[in-house]
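Worksheet: the structure to be examined is printed underneath.
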2 protein chains.
Amino acid sequence: MRVLKYAILGLLYRQEYSGYDITSQFKQEIGQFWSAKHSQIYPELRKLVDEGLVEFRTQIQGEKLEKKMYTITEQGRQELLAWAAQPESLPETEKDEFMLKMYFIHTLSPEQARALFEDQLQQRRAKLAYLQQRYESLMPVFAKEENGEKHTQATHGQTASDTAPLAFHNPNLGHYLVLTKAMAREQSYVDWLERHMKLFV
Amino acid sequence: MRVLKYAILGLLYRQEYSGYDITSQFKQEIGQFWSAKHSQIYPELRKLVDEGLVEFRTQIQGEKLEKKMYTITEQGRQELLAWAAQPESLPETEKDEFMLKMYFIHTLSPEQARALFEDQLQQRRAKLAYLQQRYESLMPVFAKEENGEKHTQATHGQTASDTAPLAFHNPNLGHYLVLTKAMAREQSYVDWLERHMKLFV
DNA sequence: ACCAAACATGTAAATATCAACATGTTTATT
DNA sequence: AATAAACATGTTGATATTTACATGTTTGGT
């Protein structure tokens with residue numbers, strides 16, 4: 001399916017990046033939904049160059065550090081748009097090793113199961129808090145906007161920050177969507193864990 | 001990491017299975033969180049036999065159809081339990097091609113984006129409905145139990161069926177957990193899509 | 001008696017992914 | 001002046017995963 005190809009083309013659609021920059025991008029928000037290591041990115045970039053979908057120019061950083069700045073070509077843009085507009089059917093499996101362990105919960109003692117559950121809850125809560133903090137620092141306008149009206153007693157699995165204040169033509173829309181979706185995912189995970197914690201008490 | 005190894009051991013912990021049976025299991029509920037094709041399963045079973053973690057006996061089906069029924073060994077049980085009790089740190093990325101496209105939403109026209117969004121919503125709703133139906137047919141007791149008290153006006157992203165009526169010692173607990181978790185995941189997805197649909201109206 | 005679907009097991013080739021190996025430069029701090 | 005962290009780019013080898021190739025049996029329905 002070569003999704004990495006399109007992930008890279010999509011990043012280059014907006015601006016010029018080096019291989020290192022692309023690696024860094026995958027450590028940011030989009031990394032919640034797609035990422036790759038540099039050892040996969042560099043060969044993929046070479047392949048994209050060979051296919052005429054991207055081009056690069058070598059830029060000197062400092063005295064002699066060479067970095068390759070990649071840009072998307074017209075052909076690359078066309079392939080990107082064709083992919084992006086194409087609806088996909090859902091994957092049958094969304095892999096989750098923790099849930100696999102939960103399916104085999106009868107292999108554990110109640111104490112062990114509880115420990116696993118609590119560890120997962122702690123990790124998911126930390127991740128959710130991190131995402132919320134990113135949201136507030138990256139999109140202070142929208143975060144504030146909602147703190148007055150609904151954010152007061154939100155306990156039912158959905159933060160008010162997840163309510164779409166952006167218009168279609170806003171360069172931050174994509175970023176906003178992945179952040180709110182990641183928050184919704186983690187909130188749902190936390191809620192489910194909390195709802196089932198009583199099994200081990 | 002070899003998660004498939006433990007997925008197979010976990011299945012065999014409860015009962016004897018053939019390779020085909022294991023393939024079938026991955027098409028059931030556990031396939032929501034882990035799965036593999038038969039072309040990966042058969043070599044893995046051979047490897048597990050070589051390692052002494054599983055054994056098999058050949059059984060004749062009908063006149064001459066040979067099938068290999070696999071059982072877990074004591075060593076296999078030990079390795080399974082060691083894995084199952086071990087907490088894991090969260091994966092940095094949970095891949096989702098649709099969300100990758102949403103990050104690149106500026107490559108699309110509002111009409112195209114809306115079409116993608118609606119397609120995804122339709123697919124996620126269908127999947128949620130399918131899971132709910134499975135839940136009701138597999139766990140009729142608990143589905144009924146909750147239809148009286150809370151299931152009446154559930155619109156806030158969490159079905160009442162997701163509220164843990166089982167005790168720790170119930171052989172269906174693992175199955176119950178993956179089903180409710182999959183439903184929660186899909187419900188959260190549907191809610192997020194619905195909340196953001198207005199961007200395209 | 002025929003046929004299709006399900007049962008059953010494998011291999012081969014291509015691709016995707018990750019961990020480790022390998023090397024060197026630049027920038028900021030002390 | 002030293003040093004650590006970040007910047008920067010590659011390759012290699014091991015695994016994991018998917019798609020296609022390959023073959024045959026059994027069961028249930030017409």
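All conditions in (1) more than 14 Å from every other protein chain (Cβ to nearest Cβ); (2) within 12 Å of DNA strand C (Cβ to nearest atom); (3) within 30 Å of residue B:111 (Cβ to Cβ) hold for residue A:16, with the sole exception of (2). What do you reckon, is residue A:30 hydrophobic (A, V, I, L, M, F, W, C), away from every other protein chain (no Cβ under 14 Å) and within 16 Å of DNA strand C (Cβ to nearest atom)? Considered against the rule, which asks whether it is hydrophobic (A, V, I, L, M, F, W, C), away from every other protein chain (no Cβ under 14 Å) and within 16 Å of DNA strand C (Cβ to nearest atom), residue A:30 comes out as no. Within the range A:60-86, the set of residues being basic (Lys, Arg) and in contact with a Gly (Cβ under 9 Å, 6 or more places away or on another chain) comprises A:67, A:68.
Only helices (runs of 4 or more DSSP H) whose full extent lies in the range A:63-165 are considered here, and the ones with at least 3 residues that are at pLDDT 95 or above and within 16 Å of DNA strand D (Cβ to nearest atom) are A:97-103. Small (Gly, Ala, Ser), free of Cβ contacts under 8 Å to residues at least 12 places away in the same chain and either more than 13 Å from DNA strand D (Cβ to nearest atom) or not in a helix (DSSP H, G or I) (or both): is that true of residue A:24 in this structure? The answer is no for residue A:24. Can you find a residue in the range B:71-81 that is within 15 Å of DNA strand C (Cβ to nearest atom) and not assigned by TED's automatic domain parsing to the domain that holds residue B:135? Yes, the range B:71-81 contains at least one residue that is within 15 Å of DNA strand C (Cβ to nearest atom) and not assigned by TED's automatic domain parsing to the domain that holds residue B:135. When the residues of the range A:33-62 are narrowed to those that are more than 12 Å from DNA strand C (Cβ to nearest atom) and in a strand (DSSP E or B), which ends up nearest to the chain's Cα centre (by Cα)? The qualifying residue nearest to the chain's Cα centre (by Cα) is A:54. Restricting the range A:33-54 to residues that are within 13 Å of DNA strand D (Cβ to nearest atom) and more than 13 Å from residue A:5 (Cα to Cα) leaves a set whose member that is nearest to the other protein chains (Cβ to nearest Cβ) is A:37. Within the range A:12-21, the set of residues being of a type in the set (Phe, Trp, Tyr) and either farther than 27 Å from residue A:127 by Cβ or free of Cβ contacts under 8 Å to residues at least 12 places away in the same chain (or both) comprises A:13 only. Within the range B:1-13, the set of residues being within 11 Å of DNA strand C (Cβ to nearest atom) and under 15 Å from the mean Cα position of the chain (by Cα) is empty. Residue B:15 falls short on exactly one of the conditions (1) crowded, with 21+ Cβ neighbours inside 10 Å; (2) of a type in the set (S, T, N, Q); (3) over 23 Å from residue A:94 (Cα atoms), and that condition is (1).
The values are calculated or read from the model by the stated rules, or taken from the named source; none is laboratory data. Owing to the predicted nature of the structure, the values given are computational and were not obtained by experimental measurement. Note: ideal-geometry Cβ built from the backbone for every residue, glycine included; neighbour counts use all protein chains shown.
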